[in-house]
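Below is one structure; the comments refer to it alone.
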Amino acid sequence: MMRCIALCLLSVLTLSVTAQVYDEVSTTNGLSFSVSASSYMGGGTAIFDFNNDGLEDIYMTGCLGLDALFKNMGNGQFSNVTATAGLLETTNRNTTGVVTGDIDNDGDRDIFVTTWRNVNAPGFAQNFLFRNNGDETFTDITTEAGLTEAVFSLSATFVDLNLDGFLDLYVGNYVEETGFITVDGVIMGFDHTCFDDLFYLNNGDGTFTSLAESAGINNDGCALAMAATDYDRDGDPDIMVANDFGEFIHPNKLYSNNFPQLSCTDVAPSTGADIGMYAMGVATGDYDEDLDLDYYLTNLGANAFLHNDGGTFTNIAASMGMDNESADGLLFTSWGTFFQDLDNDTYLDLFVANGHIPTVEFIDNHTDDPNLYYHNNGDGTFTETGEDAGLASIQMGRGCAYGDWNNDGQLDIVVMNLNNGVITETAAVKVFQNQGNNNHWIGFTLEGVTSNRDAFGAQVELHAGGRIFLRELQGGGGCHASQSSNRIYFGLGDLDTADSLVVYWPGGDPEVFHDLQVDEKQHFIQGMANHISEISRGNEIVVFPQPAREILNVRLEGSFHPERWVIRDMTGREVLQGMWPQGQMNCSIHLANALPNGAYVLELSGAGTSRFEPWLLSR
């Protein structure tokens, strides 16, 4: 089924739309997976590079089944490494969502998994925090980190709310006790009570403090998704929360950050963001290139498209023909969603994962409910082309995420489908690989130094072809219980050059990067705007903390075995040197007190070759 969106008078002008083509590859690349969900809820995924080998891996929550971590083998195949990675503790837990982030700024991504009640035991089960050990294994540090509250959680996001350089954690919680509004014995509404959302402040020592109430962000609606997003572009992250049953319990929230105070104010009523709906997901993107962020929220029924009018919002979903409300007396149901330029033509498209959920009669919804691909026509209109693109599978879709696991600059998609035996088509996770086109593209990864290492919260502006393209790097949660790649991609169409990239670092000064390479992915480090092009880097060294103070820790990854280390300033002058401990993968370098603050390069050499890694000193 293809739903065409009539957004302007097409009797005079017919728009030509070419859908990007995807192939479903889960049965051929080792990503076959099934989600056995309880009460038709859950089903999250995260796309991230867990072992820093330059290849994106995939984590999937199994709900009542075992979760899976799939390692990208680099040859088009994935291998399930859940057991060897030490992640089997999710057994007998009802896992729902997943996000990843570097909580200790040591250069690798840790994993946070949300859970619901354990069906084999009374009460509720706490969530999981797995620390990445840097050797392709993880350790459960939930209790020692202080994340012990036992609730019903579905989505979460990593965010540095107080801009201290450490990732905090916002957790969206769901129904605690069910309640209904009835008329003559027929359910006509909902009166559930919901667990308050959680906010954990990162103490910087591997522990967290629960501060949702004092920070004013203890949303007591039934949260299903959230976006840590700087909606007003004032330099600090705000939090948009998508609440289920919003018409009856609490509508969506928009918490404006009061930085430097650790507190937030709900501005949803004054901005027009307080829509009462069965909100499931939040997509963030500047679809109209006016340099502010717009938001698409999914729903059981009419979706919402919040056009940003400079800090207030207008719902334009119906006028754009993108509300996806109903047909034949039955509602449609949308869950995970994201904005991305899926065909690299320079314009942000919108993907929506759809899926039936059995419920009460007055909100009965379609079982025939395919995923949607709204193609941006480049003139302020969209056309739905999901069927032509090969994305319109009819299953019980929930979470979704995008990434580029074959490093070809074309964004691939994972859709988490539930296996509840309701739809006749065999339910399984769908893995859609982008078949590509001839359009140019450019990609970036960011590394914070005084900002959090993942640079979550950064906004970037790409200047190319006389236009400015805006993107925001978020810590997950918007795609319903899921997290997309932390790589930032821009489609360039027929543009074969890009002028500059402006990075607005969270809590730091903006920087302008030049020497941009089209059809490649580049890595930019905070504070290195004037130096990064001078450094020939390897991918086998991790240095931390960033910035260093008294000690610089160095960890080797891969087969490189150095004999000597040298620290050079940015002129190339040697300022410190020493021998690498023989046979060791780690080394701690004690820094000289006389070294001035600033940028340096670590050089490791051995067997006639050298590797380089930039770092910053700040005492």
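What FRET efficiency, computed as 1/(1 + (r/R0)^6) with R0 = 35 Å and r the Cβ-Cβ distance, is obtained for Glu89 and Ser270, rounded to the nearest 0.05?
Calculated transfer efficiency: 0.20.
Database remark: amide H of Leu55 closer than 5 angstrom to no amide H (H placed geometrically; neighbours at sequence offset of 5 or more, or on other chains; Pro and chain starts carry no H).
Determine the dipole magnitude for the chain: charges of +1 sit on the beta-carbon of Lys and Arg, -1 on that of Asp and Glu, nothing else is charged, the reference point is the Cα centre, and the result goes in debye to the nearest 20.
On the way: 23 positive and 86 negative charges, 287 e Å.
Rounded to the nearest 20 debye, it is 1380 debye.
Remark on Leu492: its backbone amide H falls under 5 Å from those of Thr346, His440, Trp441, Ile442, a criterion applied only to residues 5 or more positions apart or on other chains, H modelled at 1.01 Å from N.
Let's test the formula: R0 of 30 Å, r as the Cβ-Cβ distance of Gln517 and Arg564. What FRET efficiency results, to the nearest 0.05?
Details: r = 31 Å, r/R0 = 1.03.
That pair, Gln517 with Arg564, gives E of 0.45.
Length gained on full extension, Val21 to Asp364, computed as 0.36 nm times the residue gap minus the Cα-Cα distance: 120.3 nm. Applying 0.36 nm per residue to the separation of Ser605 and Glu176 and subtracting their alpha-carbon distance, the gain on full extension is 148.7 nm. With the convex hull drawn over the C-alpha atoms of region 204-276, the volume per residue is 102 Å³.
Pick out, from Thr359, Gly378, Leu201, the residue whose Cα sits farthest towards the positive end of the charge dipole of the chain, with +1 on the Cβ of Lys and Arg and -1 on the Cβ of Asp and Glu. Of the options given, the answer is Leu201.
Could you tell me the distance between the Cα centroids of region 187-203 and region 349-412, to the nearest Å? Their Cα centres are 27 Å away from one another. Taking 21 Å as the straight-line reach from the Cα of Lys430, the lysines in range (excluding those fewer than 8 positions away in the same chain) are Lys71. List the residues of region 153-177 whose backbone N lies under 11 Å from a point placed 7 Å from the Cα of Asp234 along the Cα-to-Cβ direction. Answer for this model: none.
In sequence order, region 293-302 has phi-based couplings of 8, 9, 9, 10, 10, 8, 7, 8, x, 5 Hz under the Karplus curve 6.51 cos²θ - 1.76 cosθ + 1.60, θ = phi - 60°, and Gly or Pro positions carry x.
Listed highest first by mean packing, meaning other Cβ atoms within 10 Å per residue, what order do 216-225, 242-251 come in?
Numbers: 216-225: 24.4, 242-251: 22.9.
With the highest mean Cβ count within 10 Å placed first, the list reads 216-225, 242-251.
Would any residue of region 359-374 have its amide N under 20 Å from a label point 7 Å out along Cα→Cβ of Asp328? List them or say none. Correct set: 359-373. Ranked by the mean number of other Cβ atoms within 10 Å of their residues, highest first, the peptides 103-114, 322-333 come out as 103-114, 322-333. Taking R0 as 60 Å, what FRET efficiency do you get between Leu576 and Thr312 from their Cβ-Cβ distance, rounded to the nearest 0.05? Working from the Cβ atoms, E equals 0.65.
So the label point goes 7 Å from the Cα of Ile551 along Cα→C-beta, right? Which residues of region 191-226 then have their backbone N under 15 Å from it? Correct set: 205-206.
Since every read-out is calculated from the coordinates, none of them should be taken as a lab result. All figures in this text were calculated on a predicted structure; none of them were measured in a lab. Note: ideal-geometry Cβ built from the backbone for every residue, glycine included; neighbour counts use all protein chains shown.
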